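Enquirer: There's a structure below that I have some questions on.
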Amino acid sequence: MRGTRRAFSCTIRNMNDDNRTFRLGGDLPVNRLGFGAMRITGDGVWGPPRDHDEALRVLRRAVELGVNLIDTAESYGPYVSEELIAEALHPYPQGLVIATKCGFDRYGPDQWAVNCRPERLREGIEGSLKRLRVDRIDLFQLHRIDDQVPEADQFGVLADAQREGKIRHIGLSEVTVDQIERAQKHFEVVSVQNRYNLGDREWEPVLDYCERESIGFIPWYPLAAGKAAKRVGPAEALAWLLRRSPVMLPIPGTSRVKHLEENMRAVEVELSDEGFERLAREA
């Protein structure tokens, strides 16, 4: 990193370090630095990307760099992100895990409306299977819990789809510990995707719970660094997350290969104890 940005001690990580992997549900190994495929859509997460070919290059380069967890959602576009993933990578390389989500209706750029009625969730699962060109979704996440629909109805649809073999593992997004525990009565929760980064640690109690329960924690908006933003580059911000917990699975997203490669340098950075603690204090 450029000397003006490095305000802490770091070293190069051993690329074979076992801490770089995590097993979702105990049986689905993923490299802990994944890729979030929201930004490969158009402005406002709406419509196709400005540069279709670059979006395909980003996805293919991510896999070349060792990413084997790609996170998407039917609402990204809508549908565009899933379709691009299939176009770029199908037939999928062995070991690639694609996680998708359902729970939002889209009416325009930056417009999101929660909708988890059972019929809508079933439609979402079937649609994702077709767009991703798979027989089973590796990780299907409830994008939000809909407070207008009984939780048991929402959880029941996912549990049914898992029993039918359409979903391998199930995760949740933007949830509390109580909600996770209620969902666990219907299925095993293997991942939680909540907003979390160096500068925004509101969901720290959920992260701690996930670590105790060996649940993967997928932080969205992972690159924000709070007050330390001017001194901390993307790789350092991600390295801090990877150091924070062994269940942390950051999924930084971008629409440019150059930015992807900058983000992926996080796997080469290991913060010292002093550097880790200093960033936590100053962010």
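The values are calculated or read from the model by the stated rules, or taken from the named source; none is laboratory data. Since this is a predicted model, take the numbers as computed values, not measurements. Note that each Cβ is placed from the backbone with ideal geometry, even for glycine, and that neighbours are counted across all protein chains shown.
Enquirer: Of everything in region 230-268 that's of a type in the set (A, V, I, L, M) and without any contact (Cβ under 8 Å) to a residue 60 or more places away in the chain, which residue is farthest from PHE22 (Cα to Cα)?
Expert: Per the stated criteria, the residue is ALA237.
Enquirer: Only one of (1) in contact (Cβ under 8 Å) with a residue 60 or more places away in the chain; (2) under 22 Å from CYS102 (Cβ atoms); (3) surrounded by fewer than 17 Cβ atoms within 10 Å (Cβ to Cβ) fails for TRP220. Which number is that?
Expert: Result: TRP220 passes all but (3).
Enquirer: Then there's this: Considering region 159-217 alone, what residues qualify as being in a helix (DSSP H, G or I), within 27 Å of ALA239 (Cα to Cα) and over 16 Å from the mean Cα position of the chain (by Cα)?
Expert: VAL177, ILE180, GLU204, PRO205, ASP208, TYR209, GLU211, ARG212, GLU213
Enquirer: Condition test on ARG243, is it within 20 Å of CYS116 (Cα to Cα), buried (at least 17 other Cβ atoms within 10 Å of the Cβ) and either at pLDDT 95 or above or in contact with a strand residue (DSSP E or B) (Cβ under 6 Å, 6 or more places away or on another chain) (or both)?
Expert: no
Enquirer: Suppose the filter is surrounded by fewer than 18 Cβ atoms within 10 Å (Cβ to Cβ), among the β-branched types (Val, Ile, Thr) and modelled with pLDDT of 95 or more; does VAL157 pass it?
Expert: Here the answer is no, as VAL157 does not meet what is asked.
Enquirer: Ok, one more. Across region 139-154, which residue is surrounded by the most Cβ atoms within 10 Å (Cβ to Cβ) among those that are assigned to a strand (DSSP E or B) and among the aliphatic types (A, V, I, L, M)?
Expert: Out of the qualifying residues, it is LEU142.
Enquirer: Now a separate question. Going through ALA62, ALA55, ALA73 one at a time, which residue ends up being modelled with pLDDT of 95 or more, farther than 30 Å from VAL189 by Cα and within 18 Å of the chain's Cα centre (by Cα)?
Expert: Only one candidate passes the filter, namely ALA55.
Enquirer: Something else about it: Out of all the residues in region 167-186, which are surrounded by fewer than 21 Cβ atoms within 10 Å (Cβ to Cβ), in contact (Cβ under 8 Å) with a residue 60 or more places away in the chain and under 23 Å from TYR221 (Cα atoms)?
Expert: SER173
Enquirer: I'd like to check something: does region 187-199 contain any residue that is more than 30 Å from ALA55 (Cβ to Cβ), among the small types (Gly, Ala, Ser) and surrounded by fewer than 22 Cβ atoms within 10 Å (Cβ to Cβ)?
Expert: No, every residue in region 187-199 fails to be more than 30 Å from ALA55 (Cβ to Cβ), among the small types (Gly, Ala, Ser) and surrounded by fewer than 22 Cβ atoms within 10 Å (Cβ to Cβ).
Enquirer: Which residues, counting only those in region 94-111, are in contact with a Ser or Thr (Cβ under 9 Å, 6 or more places away or on another chain) and either of a type in the set (Asp, Glu) or surrounded by fewer than 14 Cβ atoms within 10 Å (Cβ to Cβ) (or both)?
Expert: ASP105, the sole residue that qualifies.
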